[in-house]
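A.B. asks: One structure follows; several queries about it will come next.
The values are calculated or read from the model by the stated rules, or taken from the named source; none is laboratory data. What you see is a predicted model; the values in this text were computed from it and never measured. Cβ atoms come from the backbone with ideal geometry, glycine included; neighbour counts cover every protein chain shown.
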Amino acid sequence: MRECLQMLSSLNIDYTFFWRELSLFKTEDTESLKGIWDYYGKRVELMGWLKKYSERLHREDSDELLRSLLMRSKVSCLLKTNTSS
């Protein structure tokens with residue numbers, strides 16, 4: 001997680017946007033992150049992190065639909081928390 005946050009910071013990638021887009025990620029389809037690529041480009045650092053993330057998801061035998069739903073619910077909670085102050 002620390003590595004990801006450092007990468008996002010160094011590339012000036014909006015965290016909320018990134019997590020929202022990552023919730024749509026399909027491990028066999030890097031174009032599922034089209035929103036990130038269109039806005040930030042296919043940066044080397046981002047592609048390297050995504051490769052590691054994909055490998056981890058494969059090792060964990062992650063269910064893509066469940067992961068997507070859980071991530072979207074967490075991002076929604078964070079948005080509510082950050083905008084309610």
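A.B. asks: Please find, within the range 1-12, the residue that is modelled with the highest pLDDT out of those that are over 21 Å from residue 64 (Cα atoms) and under 11 Å from the mean Cα position of the chain (by Cα).
C.D. replies: 8
A.B. asks: Tell me the residue from 43, 20 that is in contact (Cβ under 8 Å) with a residue 40 or more places away in the chain and either on the phi > 0 side of the Ramachandran plot or surrounded by 11 or more Cβ atoms within 10 Å (Cβ to Cβ) (or both), please.
C.D. replies: Just one listed residue meets the conditions, 20.
A.B. asks: Another question, if that's okay. Sort out which residues of the range 58-72 are over 18 Å from residue 29 (Cβ atoms) and either surrounded by 12 or more Cβ atoms within 10 Å (Cβ to Cβ) or modelled with pLDDT under 80 (or both), and write them in order of number.
C.D. replies: Of everything in the range 58-72, just one residue is over 18 Å from residue 29 (Cβ atoms) and either surrounded by 12 or more Cβ atoms within 10 Å (Cβ to Cβ) or modelled with pLDDT under 80 (or both), namely 70.
A.B. asks: Can you name the residue in the range 73-85 that is modelled with pLDDT of 65 or more and of a type outside the set (Val, Ile, Thr) and is also nearest to residue 15 (Cα to Cα) among such residues?
C.D. replies: My answer is 74.
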